[in-house]
Amino acid sequence: MKYYKIVTYGCQMNEHESEKLCGILEKFNLTKTDDDAIADVIVFNTCTIRENAERRAYGNIGALKKLKKQNPEKIVAVGGCLPQQSGKADDLKAKFPFIDIIFGTHNLTEFENMLNRRLESGKKFIDISLDEYKMPIDVPVKRSTYPNAYVNVMFGCNNFCTYCIVPYVRGRERSRKPEDIVSEVKSLVESGYKEITLLGQNVDSYGKDLSPKVDFSSLLEQVAKIDGKFRLRFMSNHPKDVNQKLADTIKNNDKICNSIHFPVQSGSTRVLALMNRRYTREDYLKKIKMLRKTVKDIAITTDIMVGFPMETEKDFKDSLTLLKKVKYDGAFTFVYSKRSGTKAYSMDGHVPEDTKKQRIVKLVAIQNNVNKKLAKKYLGKTVEVLVDEFNTDCGYYMGRDERGKAIHFSSNENIVGQFVNVKITKANGISIYGEIV
Ligand code: SAH
Ligand code: SF4
Ligand code: F3S
């Protein structure tokens, strides 16, 4: 065996778990490739947040059938959130009998054993342990996002938003010990990482399950005290839990970026209640005010969806007016997707597909407008940028300022991983360009 390929779907949490799977695969002395034909092991790290994420995974796995027939020695493994969903492992097995290993998010740490067992016995292998949710920690990590590094602070979610599958596939909240998080970040900073993103489904719940209890703001403070020049980001926050203490912590620590992902989901209090979000439009707007008052020029981004069951034209308008009012620095916009097993699945009043489509088009248009206007505000400013990558398609380097805004510029030398000052010279559409000064 020489090569492996990994295909990742879904959120940052999953991206980071793929880095762990790569770490495990490289223990087998395998090298990464993108080529199905030469890969000896192909791993799909799946997502099931929306139907199209699931559909893409099914499509890509199905496409391997021929190759696997030609070369039965090739090992195909499917992991992540999809097999973890009730009934899906059996469904995958029935549709794609050629899959060798099926595992879930709860037994990622077992992947090494499973692969060994598959190699030794030659037998197909399915293992979804639903009993104890293990934390996927203490495994080797092969990082692929330099100069950024993801660090898990907690796993799982207890919120049960009625549309969301995550609590069913990721289990209940479990926090890592603060000292373990601090020591991981320390070693990342010492080895040259310049931006640390702390990950959790709802980081504001961090530490509630630890004894003694620790809150997220205290964790942030501890991490921000680590020596060296680096940026600290975190996601996601739940509006019901964001408080003044968090805002003060962002304000008082230079290393913590002036930026927050603050998913609203809907601008209608009625829909928010149906979603079990446990805040109203007014509560949410009050917190926006508090954040902006406390942290000067804080960047606020959001997630928002259209077409939740029973969403009326009036509810939808509430989302539009909210976008116009808040003027987010970025919004991830989604069409509600029915997930079996969730509460919303069996609610009445599912919105017809064409109505959902019309709504998403309007929503996106409004946010695009906001994006354009906000991009213009950057013109003439000089900002500190951490250089993320060279984009071969457009021939520019790309980096982000503290607020998370993507900025493009040229350079004759490779400056990935460096902090540079960039003066913004062009802001057409949503793309921002500048010159290093
Ligand atoms: N824990 C994070 C991320 C959840 S998944 C958080 O709470 O912010 C990312 C986003 O996907 C959610 O914020 C939501 O906007 C969207 N999402 C989740 N379930 C969905 C569904 N069934 N249909 C459409 N969008 C969904
Ligand atoms: Fe899903 Fe809500 Fe948990 Fe986020 S907070 S993962 S949207 S249940
Ligand atoms: Fe993430 Fe998708 Fe699972 S969004 S938590 S990979 S269902």
### Task
Run Asp329 past the list (1) touching a residue at least 40 places away in the same chain (Cβ under 8 Å); (2) closer than 15 Å to Arg403 by Cβ; (3) more than 22 Å from the chain's Cα centre (by Cα) and report the number of the one that doesn't hold.
(3)
### Summary
Within region 1-36, residues at pLDDT 95 or above, more than 9 Å from ligand 3 (Cβ to nearest atom) and assigned to a loop (DSSP other than H, G, I, E, B) come out as Lys2, Phe28, Asn29, Leu30, Thr33, Asp34, Asp35, Asp36
### Message
I need the full set of residues from region 221-251 which are under 22 Å from Gly192 (Cβ atoms) and over 19 Å from the mean Cα position of the chain (by Cα), in order please.
### Response
Gln222, Val223, Ala224, Lys225, Ile226, Asp227, Gly228, Lys229, Phe230
### Summary
Only one of Leu386, Leu363 is surrounded by 13 or more Cβ atoms within 10 Å (Cβ to Cβ), away from ligand 2 (no atom under 16 Å from the Cβ), farther than 30 Å from Thr145 by Cα and under 22 Å from the mean Cα position of the chain (by Cα), namely Leu363
#### Entry: Selection count, region 198-235, where residues are in a loop (DSSP other than H, G, I, E, B) and either more than 16 Å from ligand 1 (Cβ to nearest atom) or outside the structural domain of Val166 (by TED's automatic domain parsing) (or both)
14
### Task
Return yes when Gly79 is under 27 Å from the mean Cα position of the chain (by Cα) and either outside the structural domain of Ile42 (by TED's automatic domain parsing) or under 22 Å from Leu30 (Cβ atoms) (or both) and no when it is not.
yes
### Task
Answer with yes or no whether Thr145 is more than 13 Å from ligand 1 (Cβ to nearest atom) and surrounded by 17 or more Cβ atoms within 10 Å (Cβ to Cβ).
no
#### Entry: Count of region 1-52 residues which are farther than 23 Å from Ile196 by Cβ and within 16 Å of ligand 1 (Cβ to nearest atom)
8
### Message
Can you pull out every residue in region 196-213 that is surrounded by fewer than 17 Cβ atoms within 10 Å (Cβ to Cβ) and either under 12 Å from His238 (Cβ atoms) or in contact with a strand residue (DSSP E or B) (Cβ under 8 Å, 6 or more places away or on another chain) (or both)?
### Response
Lys208, Asp209, Leu210
### Query
Given the conditions (1) touching a helix residue (DSSP H, G or I) at 6+ places or on another chain (Cβ under 7 Å); (2) at pLDDT 95 or above, and given that Tyr193 satisfies all but one, which numbered condition is not satisfied?
(1)
### Message
Return the residues of region 30-54 that are surrounded by fewer than 21 Cβ atoms within 10 Å (Cβ to Cβ) and more than 19 Å from the chain's Cα centre (by Cα); say none if nothing qualifies.
### Response
Leu30, Thr31, Lys32, Thr33, Asp34, Asp35, Asp36, Ala37, Ile38, Asp40
### Query
Taking region 209-234 on its own, how many of its residues are in contact (Cβ under 8 Å) with a residue 12 or more places away in the chain, of a type in the set (Gly, Ala, Ser) and out of contact with any Asp or Glu (no Cβ under 9 Å at 6 or more places or on another chain)?
1
### Query
What number of residues within region 71-114 satisfy the criterion of being among the hydrophobic types (A, V, I, L, M, F, W, C), under 23 Å from Met13 (Cα atoms) and part of a helix (DSSP H, G or I)?
7
### Query
If you take the residues in region 142-174 that are outside any loop (DSSP other than H, G, I, E, B), more than 21 Å from Leu386 (Cα to Cα) and not hydrophobic (A, V, I, L, M, F, W, C), which one is nearest to ligand 3 (Cβ to nearest atom)?
Arg170
### Query
Of all residues in region 115-141, how many are assigned to a loop (DSSP other than H, G, I, E, B) and either of a type in the set (Ser, Thr, Tyr) or at pLDDT 90 or above (or both)?
5
### Summary
Over region 157-175, the set of residues more than 8 Å from ligand 2 (Cβ to nearest atom), surrounded by 22 or more Cβ atoms within 10 Å (Cβ to Cβ) and modelled with pLDDT of 95 or more is Ser175
### Task
Could you tell me whether any residue of region 325-335 is farther than 20 Å from Cys161 by Cβ, at pLDDT 95 or above and surrounded by fewer than 18 Cβ atoms within 10 Å (Cβ to Cβ)?
yes
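The values are calculated or read from the model by the stated rules, or taken from the named source; none is laboratory data. For clarity, every value in this text was computed on a predicted model and none was experimentally measured. For neighbour counting, all protein chains shown are included, and Cβ atoms are generated from backbone atoms with ideal geometry for every residue, glycine included.
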